[in-house]
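Novice: The following block contains the structure, expressed as structure tokens.
The values are calculated or read from the model by the stated rules, or taken from the named source; none is laboratory data. On a predicted model such as this, the values are computed, not experimentally measured, just so you know. Neighbour counts are summed over all protein chains in view; Cβ atoms, including those assigned to glycine, are modelled from backbone coordinates with ideal geometry.
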């Protein structure tokens with residue numbers, strides 16, 4: 001039997017039914033001789049059921065317990081990965097075989113690309129085992145030769161690339177930097193840095209086919225974010241300074257230090273400027289003062 005080509009990392013948390021269903025689906029739709037499954041469990045209960053499901057599907061199981069931060073689990077999964085390609089798959093989401101295969105094929109033939117993915121859908125499970133499907137966010141390719149121009153394109157029209165297929169060393173670098181520089185509970189900042197670093201380190205390809213389904217059902221608690229409060233918080237600049245320092249260490253474009261500083265600021269200015277639009281601020285304001 002040949003060695004696996006890629007690894008799919010599956011974080012799970014207190015959802016044994018979802019995990020078993022996902023493993024059933026992957027076994028039926030993917031060649032598991034070519035794709036290694038690695039489950040990263042942070043559950044408080046039902047770990048025996050998760051372990052049994054992994055055993056029945058030849059998925060490698062790792063129990064971290066609830067006290068291990070999510071990003072630490074994710075990074076450990078990347079460190080355990082021995083294949084050239086790696087991706088994350090949430091236990092309640094779905095991965096499309098055609099899109100996943102196309103992303104792998106593309107990356108194998110284009111060494112200057114850090115990651116590839118495709119079109120996303122949203123889905124929601126309703127009563128009588130019916131599923132409603134909605135168009136999801138539509139990502140785009142980021143293919144300029146200059147890292148700064150790729151960063152500007154990414155942040156000007158931002159969509160998460162968390163669930164793309166990555167070159168393993170690039171994703172490892174992104175999460176090592178993120179965990180070493182930022183509070184792991186700062187979802188906003190950790191998502192930004194872990195997404196920006198792969199863009200700086202290589203091009204990103206959007207494949208023209210269905211790739212990933214995101215579940216709109218209940219998920220792990222994640223605090224609502226008000227960007228007007230975020231930007232004027234005393235915690236904003238220290239976190240942003242860490243993000244900026246990390247990015248500067250990996251941008252190799254031939255520009256002087258002052259240009260690099262200002263260019264990165266403009267990239268994030270475009271990102272936050274889009275979020276802090278008048279309509280959004282007006283809605284927050286009316287909610288506050290009536």
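Novice: Given the criterion touching a strand residue (DSSP E or B) at 6+ places or on another chain (Cβ under 9 Å) and either at pLDDT 95 or above or surrounded by fewer than 18 Cβ atoms within 10 Å (Cβ to Cβ) (or both), identify the matching residue among 264, 243, 207. Even if it seems obvious, please write down each step before you answer.
Specialist: Values: 264 fails: touching a strand residue (DSSP E or B) at 6+ places or on another chain (Cβ under 9 Å); 243 fails: touching a strand residue (DSSP E or B) at 6+ places or on another chain (Cβ under 9 Å).
Unique residue meeting the criteria: 207.
Novice: Only one residue in 51, 73 is more than 30 Å from residue 118 (Cβ to Cβ) and in contact with a strand residue (DSSP E or B) (Cβ under 7 Å, 6 or more places away or on another chain). Which one? Don't jump to the end; show me each part of the working.
Specialist: Working: 73 fails: more than 30 Å from residue 118 (Cβ to Cβ).
Matching residue, one of 51, 73: 51.
Novice: Step by step: first the residues of segment 60-76, then only those that are touching a helix residue (DSSP H, G or I) at 6+ places or on another chain (Cβ under 6 Å) and not in a helix (DSSP H, G or I), then the one that is surrounded by the fewest Cβ atoms within 10 Å (Cβ to Cβ). Which residue is that?
Specialist: Ranking the candidates gives 63 first.
Novice: Next question. Tell me which residues, restricted to segment 246-261, are at pLDDT below 90 and either farther than 16 Å from residue 150 by Cβ or crowded, with 16+ Cβ neighbours inside 10 Å (or both).
Specialist: 256, 257, 258
Novice: Also, I was wondering about something else. Which ones in segment 140-171 are surrounded by 22 or more Cβ atoms within 10 Å (Cβ to Cβ) and either closer than 26 Å to residue 38 by Cα or touching a strand residue (DSSP E or B) at 6+ places or on another chain (Cβ under 6 Å) (or both)?
Specialist: Within segment 140-171, 142, 150, 154, 161, 164, 165, 166, 171 meet the criteria.
Novice: Failed condition for residue 153, given (1) at pLDDT 95 or above; (2) closer than 24 Å to residue 215 by Cα; (3) not in a strand (DSSP E or B), with all others met?
Specialist: Unmet for residue 153, out of (1) at pLDDT 95 or above; (2) closer than 24 Å to residue 215 by Cα; (3) not in a strand (DSSP E or B): (2).
Novice: Just the residues that are in a loop (DSSP other than H, G, I, E, B) and in contact (Cβ under 8 Å) with a residue 24 or more places away in the chain, please, taken from segment 158-203.
Specialist: Step one: of segment 158-203, the residues in a loop (DSSP other than H, G, I, E, B) are 158-164, 182-186, 202.
If the condition is that a residue be in a loop (DSSP other than H, G, I, E, B) and in contact (Cβ under 8 Å) with a residue 24 or more places away in the chain, then 158, 160, 161, 162, 163, 164, 182, 183, 184, 185, 186, 202 are the ones that fit.
Novice: From the residues in segment 106-139 that are under 17 Å from the mean Cα position of the chain (by Cα) and part of a loop (DSSP other than H, G, I, E, B), which one is surrounded by the fewest Cβ atoms within 10 Å (Cβ to Cβ)?
Specialist: The first filter runs over segment 106-139 and keeps only residues under 17 Å from the mean Cα position of the chain (by Cα), leaving 113-122, 136-139.
Then drop every residue that is not part of a loop (DSSP other than H, G, I, E, B), which leaves 136-139.
Details: 136: 18, 137: 12, 138: 10, 139: 22.
In this case the residue turns out to be 138.
Novice: May I ask you to say which residue of 11, 4 is in a loop (DSSP other than H, G, I, E, B) and in contact (Cβ under 8 Å) with a residue 60 or more places away in the chain? I'd like the intermediate steps shown before the answer.
Specialist: Numbers: 11 fails: in a loop (DSSP other than H, G, I, E, B).
Only one candidate passes the filter, namely 4.
Novice: Yes or no: residue 284 at pLDDT below 90, surrounded by 11 or more Cβ atoms within 10 Å (Cβ to Cβ) and either assigned to a helix (DSSP H, G or I) or touching a strand residue (DSSP E or B) at 6+ places or on another chain (Cβ under 6 Å) (or both)? I'd like the intermediate steps shown before the answer.
Specialist: Values: at pLDDT below 90: yes; surrounded by 11 or more Cβ atoms within 10 Å (Cβ to Cβ): yes; either assigned to a helix (DSSP H, G or I) or touching a strand residue (DSSP E or B) at 6+ places or on another chain (Cβ under 6 Å) (or both): yes.
Yes.
Novice: Still on this structure, please answer the following. Going by the conditions given, is residue 79 loosely packed, with under 15 Cβ neighbours inside 10 Å, part of a helix (DSSP H, G or I), at pLDDT 95 or above and in contact with a helix residue (DSSP H, G or I) (Cβ under 7 Å, 6 or more places away or on another chain)?
Specialist: Working: loosely packed, with under 15 Cβ neighbours inside 10 Å: yes; part of a helix (DSSP H, G or I): yes; at pLDDT 95 or above: yes; in contact with a helix residue (DSSP H, G or I) (Cβ under 7 Å, 6 or more places away or on another chain): yes.
Yes; evaluated as a whole, the condition is true for this residue.
Novice: Please determine whether any residue of segment 112-123 is out of contact with any strand residue (DSSP E or B) (no Cβ under 9 Å at 6 or more places or on another chain) and closer than 28 Å to residue 259 by Cβ.
Specialist: No: segment 112-123 contains no residue that is out of contact with any strand residue (DSSP E or B) (no Cβ under 9 Å at 6 or more places or on another chain) and closer than 28 Å to residue 259 by Cβ.
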